[in-house]
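Worksheet: the structure to be examined is printed underneath.
The values are calculated or read from the model by the stated rules, or taken from the named source; none is laboratory data. Fair warning: this is a prediction, and the values are worked out from it, not measured in the lab. Here the Cβ is made from the backbone with ideal geometry for all residues, glycine too, and neighbour counts use every protein chain on show.
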Protein chains: 2
Amino acid sequence: MPVNLSAPEPAALFPVPGVRIGVAEAGIRKANRKDLTVVLVDEGAAVGGVFTQNRFCAAPVQVCREHLQKNFGIRAMVINTGNANAGTGEDGLARTRATCIALARKLEIAPEEVLPFSTGVIMEPLPIDRIEAGLPAALADARPDNWARAAEGIMTTDTIPKAFSAKVKIGGAEVTISGISKGAGMIRPNMATMLGFMATDARIDPALVQPLARQLADASFNRVTIDGDTSTNDSFVVIATQKAANPVITSLESADGQALLQAMQDVARQLAQAIVRDGEGATKFITVRVEGGRNDAECRQVAYAIAHSPLVKTAFFASDPNLGRILAAVGYAGIKDLDQTGIDLYLDDVHVAVKGGRNPAYKEEDGQRVMKKSEITVRVVLGRGEAADTVWTCDLSHDYVSINADYRS
Amino acid sequence: MPVNLSAPEPAALFPVPGVRIGVAEAGIRKANRKDLTVVLVDEGAAVGGVFTQNRFCAAPVQVCREHLQKNFGIRAMVINTGNANAGTGEDGLARTRATCIALARKLEIAPEEVLPFSTGVIMEPLPIDRIEAGLPAALADARPDNWARAAEGIMTTDTIPKAFSAKVKIGGAEVTISGISKGAGMIRPNMATMLGFMATDARIDPALVQPLARQLADASFNRVTIDGDTSTNDSFVVIATQKAANPVITSLESADGQALLQAMQDVARQLAQAIVRDGEGATKFITVRVEGGRNDAECRQVAYAIAHSPLVKTAFFASDPNLGRILAAVGYAGIKDLDQTGIDLYLDDVHVAVKGGRNPAYKEEDGQRVMKKSEITVRVVLGRGEAADTVWTCDLSHDYVSINADYRS
């Protein structure tokens, strides 16, 4: 059961002029399942992407990087579930290239104008025959108002499709933003690697789309964790179709650039948080905010130590205010000169620890009251600077173990 | 159920001349439970210790460091379970000092000659009145052949006491080594922080005992992980009572020094591995060996990435040869210039991956056969150097979640 998250209403997802999406059942791993999605992009769109830092990155990730670097422009994407095409060596690369060629032929474009994405089990050969056989149905299905189906088409162990839209006025013109995501952020639960796609019709200098994608990922997908397992396939792509009537954005720091960034960031955060809310076995959505650090990086480091601690996560699952576990995680986060006597801890509005020790005014029942909620904010004040950062995570439950122990059977 | 580990036979644990141990029930957290242990050390012993790197280290850890630095000699140790005295600020320090003073008065020694240890729940005040009230019974119980009771006396969520002994000839003389441990190594499961104590009667330059303790910890306790949560209280202490007849060891690199180191290392490894075998919810004991690295540190880094991956650990629990998860962990271990095409993976004798891809000769049933065993070796060959390192871990099961979700209730 996802935490405070429901399936998107198709009508609430706005088509983005210049983008059409088609979905098909190709039987890649299981029959009768939407497992093949194509995204068709009109000529003239600018596309940027950020990809997993995992050195064992999947074949499609390698090919995406190549194709984006060639800078021929991107006209289509092909996304399969059921197979990650990772840990597959040279053969995996050849199969990904074959997929791009198959779609390019049908669209009469160059294979380098196709971006490929795969998600699913690692170290199994990609069934390219089934993908190729499924492409005509996916292309026949292509239409602008298909975001809800696409959100379904990229699901693996997700229990709910994830899609969000927004409209924003930029330079007097209406600009549309839509996005979908699946899996678990940077952080892979269950081989169900994370994918995120966003499109906007905003007019923007094509050179800004790649830095835009990075800034959006940093503020959203790079701030969530389920289990600390970074996927081989994580990919996040931003499409700017340039179809809106806004004056071209020439800097992300301009007022218009900031307006677009802000609006896209809101959608990206919702997509990223949706992944955590639907995290494997999640019963709670936890915001970990660390303040008073010397810089953002150390705040993030402490926040991730808390968010990755199995002991902290099982305490949230149990609604047990065993809050010393949070202090312990702060302590081992790796900040060498951290002074424990400077640290305060809050759980929502409850002041739990003062200067590294239990707050004399703290009462167990106050901690208990907060721990029972489904949305909880942990706030740590390091007391050594002005920086702050936030990550989002979920608890660790029996279902996480069940889902991952049973995944392939 | 611990993995292939049974309780020690008291008769198989050798007394170490110069060390007496007493255990009592002090009712620190629960009644009718051995929760207070004293270790009495004859004058002239050399003592070294290594302690948690957690910046939120507990009050007793801070006091141990102080007392060892003062170098007055150590004559006694006092160990309580049920309360970690961590996250307790200045008040916690005062309570630890009060405990040392109470024991020192009874023994007519200086408080600085006492080392204090606490393990249990974090952020609760240490009940010093109960500890003080329990000391007479612990002291009355003190005798040389009490190692088995001591192993019980320091247990928290351990399901089985952990103690090992060895005898070794050094310079023609018989030398005895005995040790006990509890909890989960560097890596804290369930607040049940790790403690390890070893004693030998070997004669050795007192200045060598601290480096000896560090070398032993590095080869044993610093190579195990249950859940990646580094404790606030981890402590490992080595006592050399100097009572044996061996020629004084003046260098750890000498033949005699190496003989002692080797024999103590064997006991330390058994103690450390026992912690993993009794890891919370453990059903399997996993050895992760990484070879072909440029240096030991990067081998260890990769080994820990595998050993900490919740996905790898749940796959072991399920006996599911979902081995791409291991490759993924290798990939995100943080070795920036790692080339996936150089990597081979073995599961016991089964060659799973060749040059970063699935071994064409690999059969699922071979992987399945190994995964069903209770002791499994994962071997990764990085193919970029001559270094190798090993860590030991266990699987992640439903019981891990149950134990840690229920710990305080």
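List of remarks:
- Checked against the criterion of being in contact (Cβ under 8 Å) with a residue 60 or more places away in the chain, within 11 Å of another protein chain (Cβ to nearest Cβ) and hydrophobic (A, V, I, L, M, F, W, C), region A:391-402 contains one or more residues that satisfy it.
- Within region A:309-339, the set of residues being among the polar types (S, T, N, Q) and at the interface with chain B (Cβ under 7 Å from one of its Cβ atoms) comprises A:S309, A:T314, A:N322.
- Among the residues of region A:164-173, some residue qualifies, meaning at least one is of a type outside the set (F, W, Y), outside any strand (DSSP E or B) and more than 16 Å from the chain's Cα centre (by Cα).
- Hey, A:R143 more than 30 Å from A:Q258 (Cβ to Cβ) and over 22 Å from the mean Cα position of the chain (by Cα) or not: yes
- Residues satisfying the stated conditions in region B:370-390, i.e. surrounded by fewer than 16 Cβ atoms within 10 Å (Cβ to Cβ) and either basic (K, R) or within 10 Å of chain A (Cβ to nearest Cβ) (or both): B:K372, B:K373
- Looking only at residues of region B:391-409 that are of a type in the set (D, E, K, R) and assigned to a helix (DSSP H, G or I), we find that the one that is surrounded by the most Cβ atoms within 10 Å (Cβ to Cβ) is B:D399.
- Condition broken by B:I131, with the remaining ones in (1) modelled with pLDDT of 95 or more; (2) over 28 Å from A:L345 (Cβ atoms) satisfied: (2)
- Verdict on B:V370 being assigned to a helix (DSSP H, G or I) and at pLDDT below 95: no
- Matching residues in region A:340-358 - criterion: being part of a loop (DSSP other than H, G, I, E, B), surrounded by fewer than 21 Cβ atoms within 10 Å (Cβ to Cβ) and facing chain B (nearest Cβ under 8 Å): A:K355
- Listed conditions (1) assigned to a loop (DSSP other than H, G, I, E, B); (2) surrounded by fewer than 19 Cβ atoms within 10 Å (Cβ to Cβ) are all met by B:A11, apart from (1).
- Enumeration of residues in region A:147-158 that are more than 15 Å from the chain's Cα centre (by Cα) and among the polar types (S, T, N, Q): none
- Restricting B:A202, B:A245 to residues that are away from chain A (no Cβ under 14 Å), part of a loop (DSSP other than H, G, I, E, B), at pLDDT 85 or above and touching a helix residue (DSSP H, G or I) at 6+ places or on another chain (Cβ under 6 Å) narrows the list to B:A202.
- Restricting attention to region A:114-133 and to residues that are away from chain B (no Cβ under 14 Å) and crowded, with 24+ Cβ neighbours inside 10 Å, the residue that is farthest from A:G18 (Cα to Cα) turns out to be A:I131.
Here's the yes/no breakdown for (1) β-branched (V, I, T); (2) modelled with pLDDT of 90 or more:
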{"site": "B:E25", "(1), (2)": "no, yes"}
{"site": "B:R29", "(1), (2)": "no, yes"}
{"site": "B:R33", "(1), (2)": "no, yes"}
{"site": "B:V41", "(1), (2)": "yes, yes"}
{"site": "B:R55", "(1), (2)": "no, no"}
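- Residue match in region A:236-257 (condition: closer than 22 Å to A:I160 by Cβ and in contact (Cβ under 8 Å) with a residue 40 or more places away in the chain): yes
- Tally, over region A:69-113, of residues that are assigned to a strand (DSSP E or B) and either more than 14 Å from every other protein chain (Cβ to nearest Cβ) or surrounded by fewer than 24 Cβ atoms within 10 Å (Cβ to Cβ) (or both): 7
- Filtering region B:74-89 to residues that are modelled with pLDDT of 90 or more and not hydrophobic (A, V, I, L, M, F, W, C) leaves B:R75, B:N80, B:T81, B:G82, B:N83, B:N85.
- Qualifying residue in region A:42-55 (condition: without any contact (Cβ under 8 Å) to a residue 60 or more places away in the chain and either more than 14 Å from chain B (Cβ to nearest Cβ) or within 30 Å of A:T250 (Cα to Cα) (or both)): yes
- Residue satisfying condition, being polar (S, T, N, Q) and more than 30 Å from B:P360 (Cα to Cα), within set A:T176, A:T88: A:T176
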